[in-house]
Amino acid sequence: MLYHNNMSKKDKFNPIPFKDFFDKAMKDPEIKAEYDRLGPEYEIIEAIIKKRIEKNLSQKQLAEKMGTKQSALSRLESGTYNPSLAFLKKVATALDAKLSISIK
């Protein structure tokens, strides 16, 4: 188990703000490289979740509009599923949104 600063098991739990944790983690080159590598995946996940919430849809409701199961959408939103382009197109269509992909 990790403890903040030099805490031991006997010390009182003293949580730190996420921003402080994040800023410290981004100073580690290996963590920063992995974070940057995963960036595009999390950007699409964030966009899907935001659009779904904006449309006031639950995962189950969106899944029904797509003709798929809620569990597939849950895996996508949790980052444990690597979707096909066809699946992302179905998500975009069900959200009345446009899917755009670019290589820069």
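The values are calculated or read from the model by the stated rules, or taken from the named source; none is laboratory data. Values in this document were obtained by computation on a predicted structure and should not be read as measured data. Because the Cβ atoms are built from the backbone with ideal geometry, glycine has one as well, and the counts that use them run over all protein chains shown.
Only one entry of TYR81, TYR42 meets the criterion of being touching a helix residue (DSSP H, G or I) at 6+ places or on another chain (Cβ under 7 Å) and among the aromatic types (Phe, Trp, Tyr), and that entry is TYR81. Looking at ILE16, is it of a type outside the set (D, E, K, R), assigned to a helix (DSSP H, G or I) and surrounded by 10 or more Cβ atoms within 10 Å (Cβ to Cβ)? Judged against the criteria, ILE16 is not a match. Among residues of the stretch 26-37 that are farther than 20 Å from GLY79 by Cα, those with a Cβ under 9 angstrom from a residue that is modelled with pLDDT under 90 and surrounded by 10 or more Cβ atoms within 10 Å (Cβ to Cβ), sequence gap 6+ or separate chain, pair up as MET26/TYR35. For the stretch 71-91, taking the residues that are surrounded by 14 or more Cβ atoms within 10 Å (Cβ to Cβ) and of a type in the set (A, V, I, L, M, F, W, C), the one that is nearest to the chain's Cα centre (by Cα) is identified as LEU76. With respect to the stated conditions, GLU41 is under 26 Å from SER102 (Cα atoms), touching a Gly at 6+ places or on another chain (Cβ under 8 Å) and assigned to a helix (DSSP H, G or I).
Just so you know, in the stretch 92-104 the residues that are over 18 Å from the mean Cα position of the chain (by Cα) and in a helix (DSSP H, G or I) include one that is surrounded by the fewest Cβ atoms within 10 Å (Cβ to Cβ), and it is THR93.
Of all the numbered requirements in (1) at negative phi; (2) at pLDDT below 95, GLY79 misses one, and that requirement is (1).
Set side by side, the residues ILE16, ILE45 differ, and just one is modelled with pLDDT of 90 or more and of a type in the set (A, V, I, L, M, F, W, C), which is ILE45.
Selection of first residues in the stretch 45-67 that are touching a residue at least 40 places away in the same chain (Cβ under 8 Å) and surrounded by fewer than 15 Cβ atoms within 10 Å (Cβ to Cβ) and of second residues that are of a type in the set (A, V, I, L, M) and not in a helix (DSSP H, G or I), restricted to Cβ pairs under 8 Å at least 6 apart or on distinct chains, gives the following pairs, ordered by first then second residue: LYS55/LEU95.
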